[in-house]
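Q: To start, I am sharing the structure in question, which I have written as structure tokens.
The values are calculated or read from the model by the stated rules, or taken from the named source; none is laboratory data. Note that the structure is predicted; figures quoted are calculated from it, not measured. No Cβ is skipped: glycine too gets one built from the backbone with ideal geometry, and neighbour counts run over all protein chains shown. Only protein heavy atoms, including side chains, enter the accessible area calculation; ligands, DNA and RNA are left aside. Shrake-Rupley method; radii C 1.70, N 1.55, O 1.52, S 1.80 Å.
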Amino acid sequence: MAFLICGPKLATCGIVISMWGVIMLAMLGIFFQTHSAVLIEDVPLSEGDFHEDKNPPQSIYNLYNKVGYNCFIAAGIYVLVGAFSFCQVKLNKRKEYLVH
């Protein structure tokens, strides 16, 4: 049995927001994986990353990679939300054609 949870407008809004989230987070993930200097403010750095480490650039690159990986995970979650919203749209369409 299919569960209709969202109305047609909310389901459509979920698809649009999910598409935007996937595109934006996938691009951010790519830019973090390529160690974009513009995104340095979004990397969780501490003073120890600069002074106490024997190889500071590598530890900063590792942090970039972790943040990029988190962006890809969030994009995957948005794909799941988009798939759920798409199923809700289909269920709403089927509900319109049912005769009571």
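Q: Once you have the alpha carbon radius of gyration of the chain, what is it after dividing by 2.2 N^0.38 Å, with N set to its residue count?
A: Values: Rg = 20.3 Å, N = 100, 2.2 N^0.38 = 12.7 Å.
Rg over 2.2 N^0.38 Å, computed on Cα atoms: 1.60.
Q: Sticking with this one: Leaving ligands and nucleic acids out of the surface, order I40, I5 by accessible area at 1.4 Å, largest first.
A: On the way: I40 65, I5 120 Å².
Solvent-accessible surface, decreasing: I5, I40.
Q: Could you pull out the trypsin sites (Lys or Arg not before Pro) across the stretch 54-100 that fall in loop regions by DSSP (anything but H, G, I, E, B) with no more than 13 other Cβ atoms inside 10 Å?
A: Numbers: sites: K54, K66, K90, K93, R94, K95; in loops: K54.
Sites meeting the loop and neighbour criteria: K54.
Q: Now for a separate question. At what distance in nm do the modelled label points of Y69 and V16 sit from each other, each positioned 7 Å from its Cα along Cα→Cβ?
A: The answer from the label model is 3.6 nm.
Q: Same structure, new question: Keeping every protein chain in place, order Y69, Y61 by accessible area at 1.4 Å, biggest value first, i.e. largest first.
A: Y69, Y61
Q: Summarise the accessible area of the chain (1.4 Å probe, protein heavy atoms) by the percent that is carbon and sulfur.
A: Solvent-exposed carbon and sulfur of the chain make up 69 percent of the total.
Q: Let me ask something else. What's the angle, to the nearest 10 degrees (0 to 90), between helix 8-33's Cα axis and the longest principal axis of the chain?
A: It is inclined by approximately 20 degrees.
Q: Still on this model: In degrees between 0 and 90, to the nearest 10, how far off the longest principal axis of the chain does helix 56-97 point, with axes built from Cα atoms?
A: 0
Q: If you average the C-alpha positions of the stretch 60-100 and of the stretch 30-44 separately, how far apart do those two centres end up, in angstrom?
A: 24
Q: While we're on this one: I need the GluC sites (Glu not before Pro) found in the stretch 11-76, filtered to DSSP loop residues with at most 10 other beta carbons within 10 Å of theirs. Walk me through the intermediate numbers first.
A: Numbers: sites: E41, E47, E52; in loops: E47, E52.
Qualifying residues, ordered by number: E47, E52.
Q: If the cut-off is a Cα-Cα distance under 22 Å, which lysines reach K90, setting aside same-chain residues fewer than 8 apart in sequence?
A: Cα-Cα hits under 22 Å: K9.
Q: Oh, and also: Skip the ligands, DNA and RNA, and give the accessible area per residue of the chain with a 1.4 Å probe, whole Å². Can you show the working numbers first?
A: On the way: 7440 Å² over 100 residues.
Accessible area per residue: 74 Å².
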